[in-house]
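J.: Sharing a structure, written as structure tokens. Questions coming.
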There are 2 protein chains.
Amino acid sequence: MAQINPTVGDLTGNADLILEYLQRASAVNADITLFPELALPGYPPEDLLLKPHFARANRRALERIIAASKKQFIILGFVDTDGSDIYNGAAVIVDGQLIDVYHKTYLPNYGVFDEERYFQAGRKYPVYVWGEARLGVNICEDIWYPGGPDKMQSLMGDAHLIINISASPYHANKTYDRERMLCTRAEDNAAALAYCNLVGGQDELVFDGNSLIINEGGHIIARGKAFEEDFIVADINLERVFAERLHDPRRRREKIRLTADESLYLVVVKETERNSLGTTPITPFAYQRLDEAAEVYAALVLGVGDYIRKNAFDKVYLGLSGGVDSALTAVIAADAIGAENVYAVFMPTNYSASESARDAELLAKNLGIHYQVIAIQEAFEDYLKMFAPLFQDLPVDVTEENLQARIRGNILMALSNKFRGLVLSTGNKSEMSVGYSTLYGDMVGGFAVLKDVPKTLVYRLCQYVNQRDDKPVIPEYIITRPPSAELRPDQKDQDTLPPYVVLDAIIEAYVEDDMSAEAIAQMGFAGETVRWVINRIDAAEYKRRQSPPGIKITPRAFGRDRRMPITSKFHH
Amino acid sequence: MAQINPTVGDLTGNADLILEYLQRASAVNADITLFPELALPGYPPEDLLLKPHFARANRRALERIIAASKKQFIILGFVDTDGSDIYNGAAVIVDGQLIDVYHKTYLPNYGVFDEERYFQAGRKYPVYVWGEARLGVNICEDIWYPGGPDKMQSLMGDAHLIINISASPYHANKTYDRERMLCTRAEDNAAALAYCNLVGGQDELVFDGNSLIINEGGHIIARGKAFEEDFIVADINLERVFAERLHDPRRRREKIRLTADESLYLVVVKETERNSLGTTPITPFAYQRLDEAAEVYAALVLGVGDYIRKNAFDKVYLGLSGGVDSALTAVIAADAIGAENVYAVFMPTNYSASESARDAELLAKNLGIHYQVIAIQEAFEDYLKMFAPLFQDLPVDVTEENLQARIRGNILMALSNKFRGLVLSTGNKSEMSVGYSTLYGDMVGGFAVLKDVPKTLVYRLCQYVNQRDDKPVIPEYIITRPPSAELRPDQKDQDTLPPYVVLDAIIEAYVEDDMSAEAIAQMGFAGETVRWVINRIDAAEYKRRQSPPGIKITPRAFGRDRRMPITSKFHH
């Protein structure tokens, strides 16, 4: 299994990558080589799929792979077309010939997915008969349905091995749920299951890899790495599948009740000489389940790193404030692209505590990133002077706070323009939810690393980072000080917001679980607090609509995942 | 037909509006009253639909209407639910009872639509038998399919009148295509057709009204206003439908070939006393097709006006530059919410021509909007001083241009923050396409009025506006001068961009028609120009993702309508 990291639309580069893995497969005498869903065009191609020449170009790239693949058996995701519809397809390539194409039958159209927007659904379930081996092929969503193609393939088509190629986007703790489901499918079908998942970052999504090979008893026999490309080799004992079936009374009963319909079809594959892995080491089952912080951290590093690399940047700029969000963003950026490519700017006013300056500098030193100080007090006062005749004697309010944030935004963008670096935005999900952030100010940037990370999880990630290394990289006071935007004298986040532990719980209930105000209050929160938070979340929709993309790590991220109207009078 | 303008999520306000129109219907003795698709919750509710309590709240609002609707026959769009799925429904309310609910069967999931994301599709086609009258009901997309519910309802169910309630988003010249299709359906079915469309602005969408009543011969007998609420009364002669059918040989043949299946069902409606319109004036057929400029202009006025009103703003701020885009935006804003609520700011540097100052002021005076000048030369120089040690002797480039735009953005946002006005962004579709605009600079704002209006159409709209009034409101030199961003000495748009007539044609081919570079060049454009434009369009995706929403007026607007990856290497 080639658990690869292609780039959306890079048909030449992706084909090269696929050919490279096919050579590795040849080198170990693999019988069958799998690539993820839409591995050739990259996933998700979104509206590129609506260009007729996109499917054609991906077909030409496929021909190149077919021509170069003598003596191999390959399952590869690509965009198939019959000239009037397009399909999410799995090419079945044997000995340099495209012998069949499977079309995905269940098209996800919820959450971040829009597949009904593009694809016609397949209606046929193939089983490939290859000597004594019978192989069933399907794609991603197909395997999530208990009565999906795998059932027909393994029960009526007698497939010994179910192959599922996937592009399954990450969110925290999803990996285990997915694994549990896949093991159950293998056992229910009394069939081996090879699950080849995509890896890599694509805009707001991260694909986590974690490909699996599961035996007919539902036990994992090989596993791909998390958040890295991997090449997974396993030897599947088909004799064991037959043995298991002789022992499985459920199967015999179900087979009588189910009727094979025209959806099932068999393809007899010309038998080629079967390979032997010989002394090739087989990827072992090494259970390395990461705890939540480690897993989310790895997802963020991969997500931002791939965004930077795939968009051809080589350095990033970010504002360090002496607070916990910008500190964590800097650590992640340094891990993703190397400390030498990270440029941090500290931009104090008279409201900035001396500890902020000290800690920002210390953090930069600990990390080994570039660091500079650009004081903005003078620029701030210049603006105040300019506005004096307009604002007259009106009281100071959020206007003046936003001005400071916008001067900082201007500076970061000017550095980005002049020196061609990507600006990373440092806000977290809690701020983004309630709009505790300045549009065109601290929200500026090409990518918002922590956009889907609630503040309470930001703290846990900081602790994870500090425990991971010999010496804590984030100065302790950054973590222990009360959080502050430092936009007015003695300002604290908690002057405006409920405690983060309360805020984050309400946000989760409202945004991720779609609970009503009443139901959230019944969880034990003050009704007034719940109402305040919900009103803020709804009112901040216009800000979020103009925010940079960030990495989805929860079941419901802002962005494609949650499509709320700006104009709405429903706030419950 | 009540061609109403509800607000998304405003269940109480929308129910009040519906009750108000029901009183008007009573007052004229209407037999049947129609409201648009999802009129009760507003359209499109987007992910509000994923909140289980949203459907319940809309059901409670429906109960209020049912209880208040004695002696009426009403077709009303709402969200129906059976407790596990939701449906895009049409409530059929007769004499204070909900006698049936039709479920939309064709769910649009392309362009701006995501209905497969939310709704279960209906599978049944009702015909309501009401004395001698037979009525078929369906919803929006249903009528666009030649073999949709209306065919079964009129042919096998013998419906005399097909009722279609809609929420059909506007784009330029769509109205006529829709009308042609609806007239053909009526004639094909030999049935009268009542098409009740929504009106109003909702975020990026405008619904144009233009409801229709068409007779069994395919001729329009009444028409609702364009871009305004309307109450349309017509008298439909069902005897004529029967007569028409006796003359229609196609119908008798088709009836033999088609089989009535279980999708069709009849509901016998308790016969109530039939009303008489008496002396009520019937809405006449007044063909008032607007030319393209007038139609687009009306759409923009309604779209921005509704965005402002429905989001509870009462005034707007915008930057006037002395150029054509900001001039047109100001005219539209003044038409939408009144000149006294429009605040224009002219923000010159030393690069601003004296004609710009003169014309900006003159325009403001002609319109009667508020006008102030805030010079930004000093602020610009302050920034340059601050950056001097960082930028050293690096050449002046786009950084310095962007700085000027961002200072202007800061000023508009500060005014918005201090005085609670909405900032209107003034950029057009041509700029937005190729990224000829400054993120966080001239792109700031809550709403971008001209976001989907190509520059060449901006000029046509200016001419329309000037011809419309006795005295041209836009100073002639604003229209005739060569367009310039005035961000460096003697800068002209055409130093950077191809002529707008070329640029706009390439944008249309690439963005709206998904044509390849090769195919566009074959239209007669220089290959190099085509390549340059396409690369700029693709590279500006990250900017567009952070742009304010704007009004869709073309078949493919940026926003929900075109979902491109930022990270992509496919540029063809």
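The numbers here are math on the coordinates, done by the rules we state, and not lab data. Predicted model only: the values in this text are computed from it and were never measured. Methodologically, a virtual Cβ is constructed for each residue, glycine included, from the backbone with ideal geometry; neighbour enumeration extends over all protein chains shown.
J.: Based on alpha-carbon centroids, what's the gap between the stretch A:349-406 and the stretch A:502-572 in Å, whole number please?
T.: Each part's Cα centre sits 30 Å from the other's.
J.: Once label points are set 7 Å from the Cα along Cα→Cβ at both A:ASN29 and A:GLU271, what is their separation, rounded to one decimal in nm?
T.: 1.8
J.: Quick query: amide H of A:LEU264 versus all other amide H atoms, modeled in the peptide plane; which residues come in under 5 Å with a sequence gap of 5 or more or a different chain?
T.: HN-HN under 5 Å from A:LEU264: A:TYR125.
J.: Kindly work out what percent of the DSSP beta bridges joining two residues of the stretch A:292-493 are antiparallel, to the nearest 5.
T.: 0
J.: I need the fraction of alpha carbon pairs in the stretch A:2-268 separated by more than 28 Å, rounded to a whole percent.
T.: 28
J.: Cα-based Rg of chain B per 2.2 N^0.38 Å, rounded to two decimals?
T.: 1.08
J.: Rounded to the nearest Å, what's the spacing between the alpha carbon centres of the stretch B:183-238 and the stretch B:117-146? Just the number, please.
T.: A separation of 16 Å, based on Cα centres.
J.: Determine the percent antiparallel among the DSSP beta bridges restricted to the protein assembly as shown, to the nearest 5.
T.: 50
J.: Over the stretch A:401-530, how many percent of alpha carbon pairs lie in each 10 Å bin up to the one with the longest distance?
T.: With 10 Å bins starting at 0, P(r) equals 11, 33, 36, 17, 3, 0.
J.: Enter the mean number of other protein chain beta carbons within 10 Å of the beta carbon of each residue in B:412-421, as an integer.
T.: 5
J.: Output the antiparallel fraction of DSSP beta bridges having both residues in chain B, as a percent to the nearest 5.
T.: 50
J.: Order of B:GLU179, A:GLU271 from fewest to most other C-beta atoms within 10 Å?
T.: A:GLU271, B:GLU179
J.: To the nearest 500 deg cm²/dmol, what mean residue ellipticity at 222 nm is calculated for the protein assembly as shown from DSSP H runs of n ≥ 4 alone, each contributing -39,500 (n - 2.57), summed and divided by the residues?
T.: Taking each H run of at least 4 residues, the total per residue is -12000 deg cm²/dmol.
J.: Okay, next question. I need the inter-copy label distances for B:ARG257: point set 7 Å along Cα to C-beta, values in nm with one decimal, smallest first.
T.: 4.3
J.: So what's the gap between the Cα centers of the stretch A:63-96 and the stretch A:407-466, to the nearest angstrom?
T.: The stretch A:63-96 and the stretch A:407-466 have Cα centres separated by 42 Å.
J.: Here's a follow-up. Let me know the shape class of the stretch A:102-184, please: from the alpha-carbon gyration tensor, a ≥ b ≥ c as square roots of the eigenvalues, rounded when a/c is under 1.5, otherwise prolate if a/b is greater than b/c, or oblate.
T.: oblate
J.: Additional query: Determine by what factor the alpha-carbon radius of gyration of the stretch A:1-118 differs from 2.2 N^0.38 Å, reporting the quotient.
T.: For the stretch A:1-118, the normalised Cα radius of gyration is 1.02.
J.: Using a 10 Å cut-off around each Cβ of peptide A:40-48, what is the average number of partner chain Cβ atoms that fall inside?
T.: 4
J.: Residue-wise, which Karplus ³J(HN,Hα) couplings in Hz belong to the stretch B:466-481, taking 6.51 cos²θ - 1.76 cosθ + 1.60, θ = phi - 60°, and x for glycine or proline?
T.: Taking θ as phi minus 60°, the curve returns 5, 6, 5, 8, 4, 10, x, 7, 8, x, 3, 5, 4, 7, 8, 5 Hz for the stretch B:466-481.
J.: Dividing the Cα radius of gyration by the Kirkwood radius, what Rg/Rh value follows for the stretch B:322-450?
T.: Value, to two decimals: 0.98.
J.: Arranged by the count of other C-beta atoms within 10 angstrom, fewest first, what order do B:PHE387, B:PHE35 take?
T.: Fewest-to-most Cβ neighbours within 10 Å comes out as B:PHE387, B:PHE35.
J.: Then there is this: Label the protein assembly as shown by shape, choosing from rounded, prolate and oblate, from the square roots a ≥ b ≥ c of the eigenvalues of the Cα gyration tensor; if a/c is under 1.5 it is rounded, and otherwise prolate applies when a/b is larger than b/c, oblate when it is not.
T.: Oblate is the answer for the protein assembly as shown, as a/c is 1.5 or above yet b/c matches or exceeds a/b.
J.: Quick one: which residues, 5 or more positions from A:GLN372 or on another chain, have an amide H under 5 Å from its amide H? H modelled 1.01 Å from N in the peptide plane, none for Pro or chain starts.
T.: Correct list: A:ALA344, A:VAL345, A:PHE346.
J.: If you don't mind, there's one more thing I want to ask. Considering Cα pairs under 8 angstrom that are at least six residues apart, work out the relative contact order of chain A and quote it in whole percent.
T.: After rounding, I find 11 percent.
J.: Using a Förster radius of 22 Å, what is the FRET efficiency between B:LEU394 and B:HIS571 based on their Cβ-Cβ separation? Nearest 0.05, please.
T.: Once the sixth-power term is evaluated, E becomes 0.15.
J.: Taking only Cα atoms of the stretch B:480-572, what ratio of Rg to Rh do you get with Rh as the Kirkwood inverse-distance radius?
T.: Ratio value, two decimals: 0.98.
J.: Taking B:HIS370 in one copy and the same position in all the others, each labelled 7 Å out along Cα→Cβ, what are the pairwise distances from the first, in nm, shortest first?
T.: 4.3
J.: Arrange the following residues from fewest to most other Cβ atoms within 10 Å of their Cβ: B:ASP442, B:ASP31.
T.: Least to most surrounded, the residues fall as B:ASP31, B:ASP442.
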